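Trainee: Could you have a look at this structure, given as structure tokens, before my questions?
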Amino acid sequence: MIDRLKGWLKQLRALVDKDALERELDEELEYHIARETEKRVAEGLTPEAARREALLAFRGRERYKEAVRDARWTRVLEDALLDAGYAIRSLRRRPGFAVAAVLTLALGIGGATAVFSVVRAVLVEPLPYPDPGSLVRLYMWTEDDPSENLYVSAVHFREYRERAESFTGLATVYTYDETGVDLSVDGRAKRVRTLHVSPGYFPLLGARPLLGRTFTDEEERGQAVLVLSERLWRELGADPELVGRTLQLDGSPHAVVGVVSSLRDPIAGAVDLWRPDDFTTDGAQTPGNHYLSVLGRLAPGVTPDRARREMAALDRRLAESYPDQAEDSHFRLVPLQEDLVRPARATLLLLVGAVGLLLLIVCVNVATLQIVRSLGQARPTAVRAAIGAGRLRIARQILVESLVLAGAGGLAGVVVAFAGVEALLVLGGDVVPRAHEVGVDAGTLAIAVAATVATGLGFGIAPALRLAGVDPGQALRDAPRGSSSGRFFRTRTLLVATQVALALVLLSGASVLAVSLHRMVRVDLGFRTEGVLTFQLNLPASRYGADARAAFHDDLANRLARLPAVTGAAAVSWPPAGGVGYNWGTRPLTGPGVGRREAAIGGEQRIVAGEYFEVLEIPLLEGRVFGGPGDPATDGVVISRSAADRLFPGTSAVGQELSAAGSERTVVGVVGDVANDVEATTAHHVYHAHVHPEVAARRWAMTYLVRTGDDPMAALPTVREAIHERDPLLVVHDPAPLADRLGQGRGQRAFAFALTAAFAGLALLLALLGVYGVLAYVVGEQRREIGIRFALGARGRQLAAQVLRRGLAMTATGLVVGIPGALVFGRLLESLVFETEPVEPAILAAVAASLLLATAFAALVPAIRAARVPPRSVLAEE
Amino acid sequence: MTPIPSNDLLRGTLDLLILQTLTLEPMHGWGIAQRIEQRSEEAFQVGQGSLYPALQRLEQRGWIDSQWQRTAENRRAKFYQLTAAGQRALGEEVRSWRQYVRAMERVLEPSS
């Protein structure tokens with residue numbers, strides 16, 4: 001065993017000290033010849049004759065030495081190193097080609113790596129909790145709208161927790177964010193992200209406390225205790241004695257019981273501190289009040305289906321216990337990972353497709369460059385074949401060169417990958433779930449390496465096969481002619497045409513998305529978007545009782561409206577076009593719709609203060625709006641046109657009564673519709689006045705809307721001052737112009753557009769490089785022919801025109817092939833497209849025309865060079 | 001006996017011959033060739049073409065070891081010698097060779 005290993009290792013000298021090894025071999029053989037010679041001399045020959053005979057017996061010494069070398073296992077590696085050296089030298093002689101190829105590869109490999117890292121982290125990697133496969137999310141649904149996932153009621157949750165055997169743990173997370181929370185430290189207030197959870201939450205996610213403890217079962221009465229995140233604990237000074245002390249949260253003291261490290265909530269993301277939920281409130285005793293998110297962990301060996309069966313049985317039990325309110329409530333179970341990535345799945349898969357396409361283009365491009373270059377190498381290769389290099393050897397050499405190129409491209413590509421991942425996260429941070437888990441790491445780099453090798457082999461095979469098949473006799477005999485022969489031209493045309501086709505597909509896709517984005521930006525959302533400043537204000541419960549709270553916001557809104565720079569101010573519980581927020585069941589109590597199923601709607605409830613409708617220029621259609629504290633209209637509600645049409649069809653809604661989430665109200669006015677999100681999804685809105693005592697008791701954090709001149713942010717200091725005059729401890733949270741906030745809502749659309757545009761740009765660049773590269777080499781190869789033609793009287797312009805024609809022919813072929821592809825791609829985009837017919841002919845024609853122009857430009861340089869070839873110098877080269 | 005050109009020798013048998021030759025004493029390449037020639041009474045003539053690659057293979061296998069030394073005439077030559085693994089391998093190879101020969105003989109025996 002040892003001997004075998006030693007013998008094996010000895011061969012490594014061939015890689016390290018080859019020269020010495022060769023010298024030894026020479027010396028050994030020389031000794032052999034010398035002894036043979038002496039033997040013959042002893043038999044009577046002359047020294048010269050003896051030596052000649054000895055050497056004769058040694059016919060083809062070089063071949064024997066080759067045989068010895070072949071017997072070494074390191075032979076393959078030695079050859080590879082030789083080839084690599086040769087490749088590097090030959091690439092240095094053609095820097096233009098090398099740079100183009102490496103750049104192309106870097107973009108392709110880097111882009112692919114970046115995309116695959118993101119996709120891997122989001123779709124493939126398991127969630128960062130122990131045994132993530134058994135984590136599930138529970139929803140409820142009712143027969144009113146079976147497809148909608150509702151939050152869970154506390155009553156149901158507790159029943160479940162007690163009786164369900166399919167789970168080792170169930171916990172609630174209260175992700176409703178209706179109140180902002182301020183932590184007071186040293187007199188300064190700091191807005192923190194809090195999460196109300198049930199005690200089972202921490203064990204469920206496998207989070208052990210760093211210091212202290214987590215919540216006990218007794219504390220789910222809303223006890224004033226806190227668990228801090230490690231990050232917040234460090235921000236507060238990382239004092240180990242902090243556990244046990246009290247902090248002021250929203251003005252009231254809370255005791256810190258523990259610190260937990262590196263825990264991100266799967267739904268809410270980064271959290272600063274956790275508080276126990278309160279199951280003793282009225283809301284928590286009502287089975288019809290759906291407000292909790294529930295996470296669970298399946299018991300070992302329990303499949304989701306088995307759990308679902310148990311759930312169905314428990315549903316029936318609950319329906320019997322609460323006949324009015326739970327008779328049609330059902331549970332739904334979704335594996336947590338699936339639940340989190342569902343929205344992004346389509347986008348990400350589209351991305352994978354796009355990047356795969358890009359990599360394909362890259363391979364095609366570099367293969368084209370390689371093949372064209374190989375035309376010029378027919379002669380040197382023929383020489384090598386003539387002196388004995390086998391076909392396999394030649395093919396191997398080309399593959400090594402491809403791998404060298406790919407290696408250089410891969411190294412540069414790693415840089416591109418890092419930048420690409422950063423860019424993707426910046427662009428898509430809101431859109432990509434689990435974005436914080438994305439990073440370039442060992443896994444990513446492994447992907448990069450794999451992509452590099454695959455690409456290298458991919459684009460190396462074609463040229464390798466071509467060159468290995470070169471017949472030495474013919475290649476050496478004939479003058480280089482191959483570049484104009486029919487078959488080669490067709491191959492090259494095909495390759496370039498493919499690139500043009502792919503570029504067309506991506507470019508048209510990008511244009512479609514651009515147009516759609518543009519239209520989305522200008523769509524009418526139903527309210528004024530420009531010149532409005534927004535910020536959030538939260539009133540701490542300890543200093544504001546329900547009465548003080550009720551009047552506060554109207555009061556402040558009026559105060560702000562009187563400031564010099566301000567033309568109107570209002571407040572609302574959820575920003576307009578901010579997506580779904582506070583959607584509660586609403587049904588008519590009077591009028592034609594009573595008792596009818598279609599008249600019951602999911603109403604977007606909004607609490608307003610100040611001159612909300614005037615500030616946002618939402619038109620009043622019937623009745624009236626709220627007039628401020630003391631106005632009897634504030635007892636009622638204002639509803640949107642679409643809500644009125646549904647709840648009270650065919651009649652005026654003013655004066656009718658409705659029930660919204662259990663409260664009965666009279667309709668006092670009808671206003672114009674407002675879009676619920678930036679994609680102009682319609683919704684039914686029900687507006688409540690903040691001064692209503694029932695409303696004020698809920699402690700809403702209000703978003704203020706202050707209408708100013710052109711630049712909303714310019715008014716911020718004055719607004720701040722006015723607020724601090726009123727109460728210096730209030731925190732003006734997250735000020736931003738309304739238009740910006742809406743812009744963020746366009747995130748996903750913008751993300752898709754940015755990516756497609758980037759790819760399209762790359763594809764265009766590569767196609768242009770391809771056209772240029774091919775034509776440049778053609779001109780280079782045909783210098784002799786051109787020279788002859790000149791000598792025969794052809795004019796420069798004619799030759800230039802011919803080159804140009806060739807280039808355009810290649811492009812035209814590509815465009816023809818690409819058009820159906822673009823149409824198919826457009827269909828794929830339909831899911832993302834907003835109010836645009838996918839691939840309008842005008843867009844396609846414009847893109848095709850610009851591609852044609854661009855390639856004509858790329859063909860220009862070689863064409864000019866063709867026109868300038870002086871005949872004498874070319875013929876003299878022969 | 002008419003000499004059998006070394007190209008026709010099976011690779012394996014050449015390895016065996018080399019190993020056997022080296023049981024006596026360390027030897028350089030030329031010496032091994034001469035010894036084999038003598039012992040086989042000129043039947044086997046080992047050419048350099050097959051000898052040195054065979055030596056390379058045996059060394060890679062760890063069955064022989066090489067060292068540069070001075071000959072009696074004070075010239076430098078590469079000497080080969082058996083390793084422990086080589087000794088064991090030789091025993092195995094001889095055994096299987098003898099089995100092979102006996103089997104062949106049995107088959108070739110004129111049936112009586």
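Trainee: Counting only residues that are within 14 Å of chain A (Cβ to nearest Cβ) and without any contact (Cβ under 8 Å) to a residue 12 or more places away in the chain, give me the helices (runs of 4 or more DSSP H) lying completely in the range B:4-111 with at least 1 of them. Working first, answer last.
Mentor: Numbers: elements: B:11-21, B:29-39, B:48-61, B:84-108.
Correct list: B:29-39, B:48-61, B:84-108.
Trainee: Further question on the same structure: What's the number of the condition A:Tyr176 fails, among (1) at pLDDT 85 or above; (2) over 19 Å from A:Leu298 (Cβ atoms)?
Mentor: Exception for A:Tyr176: condition (1).
Trainee: Take the range A:265-324 and flag every residue that is surrounded by 18 or more Cβ atoms within 10 Å (Cβ to Cβ), farther than 25 Å from A:Thr168 by Cβ and among the aliphatic types (A, V, I, L, M).
Mentor: A:Leu273
Trainee: Right, A:Arg52: more than 60 Å from the chain's Cα centre (by Cα) and within 8 Å of chain B (Cβ to nearest Cβ) or not? Spell out how you get there, then give the answer.
Mentor: Numbers: more than 60 Å from the chain's Cα centre (by Cα): yes; within 8 Å of chain B (Cβ to nearest Cβ): no.
Against the criterion (more than 60 Å from the chain's Cα centre (by Cα) and within 8 Å of chain B (Cβ to nearest Cβ)), A:Arg52 does not qualify.
Trainee: Could you tell me which of the residues B:Ala77, B:Ala72 is touching a helix residue (DSSP H, G or I) at 6+ places or on another chain (Cβ under 8 Å) and on the phi < 0 side of the Ramachandran plot? So that I can check it myself, show each step before the final result.
Mentor: Values: B:Ala72 fails: touching a helix residue (DSSP H, G or I) at 6+ places or on another chain (Cβ under 8 Å).
Checking each option against the conditions leaves just B:Ala77.
Trainee: Out of the residues in the range A:10-46 meeting the condition of being touching a Ser or Thr at 6+ places or on another chain (Cβ under 7 Å) and more than 8 Å from chain B (Cβ to nearest Cβ), tell me which one is farthest from B:Ala77 (Cα to Cα).
Mentor: Within the range A:10-46, the match that is farthest from B:Ala77 (Cα to Cα) is A:Leu15.
Trainee: To continue, here is another question. Would you confirm, using the coordinates I've provided, whether A:Gly108 is part of a helix (DSSP H, G or I), touching a residue at least 12 places away in the same chain (Cβ under 8 Å) and surrounded by fewer than 16 Cβ atoms within 10 Å (Cβ to Cβ)?
Mentor: Working: part of a helix (DSSP H, G or I): yes; touching a residue at least 12 places away in the same chain (Cβ under 8 Å): yes; surrounded by fewer than 16 Cβ atoms within 10 Å (Cβ to Cβ): no.
In short, no.
Trainee: Another question, then. Any idea which of (1) farther than 17 Å from A:Leu621 by Cβ; (2) over 37 Å from the mean Cα position of the chain (by Cα) is the one A:Ala644 doesn't satisfy?
Mentor: In the conditions (1) farther than 17 Å from A:Leu621 by Cβ; (2) over 37 Å from the mean Cα position of the chain (by Cα), A:Ala644 misses (1) alone.
Trainee: From the list A:Ala680, A:Ala675, A:Ala633, A:Ala653, which one is farther than 30 Å from A:Asp182 by Cα, part of a helix (DSSP H, G or I) and touching a residue at least 24 places away in the same chain (Cβ under 8 Å)?
Mentor: Details: A:Ala680 fails: part of a helix (DSSP H, G or I); A:Ala675 fails: part of a helix (DSSP H, G or I); A:Ala653 fails: part of a helix (DSSP H, G or I).
That would be A:Ala633, the only listed residue that is farther than 30 Å from A:Asp182 by Cα, part of a helix (DSSP H, G or I) and touching a residue at least 24 places away in the same chain (Cβ under 8 Å).
Trainee: Which one of A:Ala42, A:Ala87 is more than 22 Å from B:Thr71 (Cβ to Cβ) and at pLDDT 80 or above?
Mentor: Details: A:Ala42 fails: more than 22 Å from B:Thr71 (Cβ to Cβ).
None of the others qualify; the one that does is A:Ala87.
Trainee: Quick one: would you say A:Asp272 is within 35 Å of the chain's Cα centre (by Cα) and of a type in the set (Asp, Glu)? Don't jump to the end; show me each part of the working.
Mentor: Values: within 35 Å of the chain's Cα centre (by Cα): yes; of a type in the set (Asp, Glu): yes.
In short, yes.
Trainee: Right, another one. What is the number of the single condition among (1) in a helix (DSSP H, G or I); (2) touching a residue at least 40 places away in the same chain (Cβ under 8 Å); (3) facing chain B (nearest Cβ under 10 Å); (4) under 28 Å from A:Val404 (Cβ atoms) that A:Glu66 does not meet?
Mentor: (2)
Trainee: Listed residues A:Gly409, A:Gly420; which is crowded, with 19+ Cβ neighbours inside 10 Å, modelled with pLDDT of 75 or more and within 21 Å of A:Val364 (Cα to Cα)? If you could, list the steps in order and put the result at the bottom.
Mentor: Working: A:Gly420 fails: within 21 Å of A:Val364 (Cα to Cα).
Going through A:Gly409, A:Gly420 in turn, just one is crowded, with 19+ Cβ neighbours inside 10 Å, modelled with pLDDT of 75 or more and within 21 Å of A:Val364 (Cα to Cα): A:Gly409.
The values are calculated or read from the model by the stated rules, or taken from the named source; none is laboratory data. In this text, all values refer to a predicted model and were calculated from it rather than measured experimentally. All Cβ positions, glycine included, derive from the backbone under ideal geometry; neighbour counts span all protein chains shown.
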